[in-house]
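Notes to accompany the following structure.
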Amino acid sequence: QVQLVESGGGLVQPGGSLRLSCAASGIIFSIYTMGWYRQAPGKERELVATITGAGRIKYADSAKGRFTISRDNFKSTVSLQMNSLTPEDTAAYYCNAARVGDDYWGQGTQVTVSS
């Protein structure tokens, strides 16, 4: 059974930082592209960042320069370090594991940026 379990969300003030983590089980982690997506109320789910098993990274324009995605293939975890957060970053953040023919999602963790 595949499980992706996110943690690290919460309430943070504008300009603050949060680190999200996702622990995967039930998959051969190293062969999956791992990603973080987010969905704000009333909006579609959007890409934040992805990282392949080999470490190739892609960021959404909104994340460039502020967010850093990383993975540990030995621990089967993927993390998202988020700095300089703004209220526009408020959303539910979802961990994703993807490869051809497979696509798995975590349950999401809420990030709220507010003073």
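Computed from the coordinates by the stated procedures, all read-outs in this text should not be read as laboratory data. Please read all numbers here as calculations on a predicted model, not as lab measurements. Backbone-built Cβ (ideal geometry, glycine too); neighbour counts: all protein chains shown.
What the table below lists for this structure:
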{"read-out": "Beta bridge orientation in the chain: antiparallel %, DSSP, nearest 5", "value": "95"}
{"read-out": "5 angstrom amide H check on Phe67, placed H, neighbours 5+ away", "value": "Asn83"}
{"read-out": "Rough spin-label spacing in nm, given labels placed 7 Å along Cα→Cβ, for Ile57 and Ser84", "value": "1.4"}
{"read-out": "Total formal charge among the other residues, if their Cβ is under 9 angstrom from that of Ala23, Lys/Arg +1 and Asp/Glu -1", "value": "0"}
{"read-out": "Full-extension gain in nm, Lys64 to Ala98, via 0.36 nm per residue minus C-alpha separation", "value": "10.1 nm"}
{"read-out": "Separation of the Ser114 and Arg45 label points, Cα + 7 Å toward Cβ, nm", "value": "2.4"}
{"read-out": "Max mean-square fluctuation residue, GNM over the chain, Cα-Cα springs under 10 Å, options Lys43, Lys64, Lys75", "value": "Lys43"}
{"read-out": "Loop-resident sites, the range 1-57, for GluC sites (Glu not before Pro), counting at most 13 other Cβ within 10 Å (DSSP)", "value": "Glu44"}
{"read-out": "Whole-Hz ³J(HN,Hα) from phi, Karplus 6.51 cos²θ - 1.76 cosθ + 1.60, for the range 43-49, glycine and proline x", "value": "10, 7, 5, 10, 5, 10, 6"}
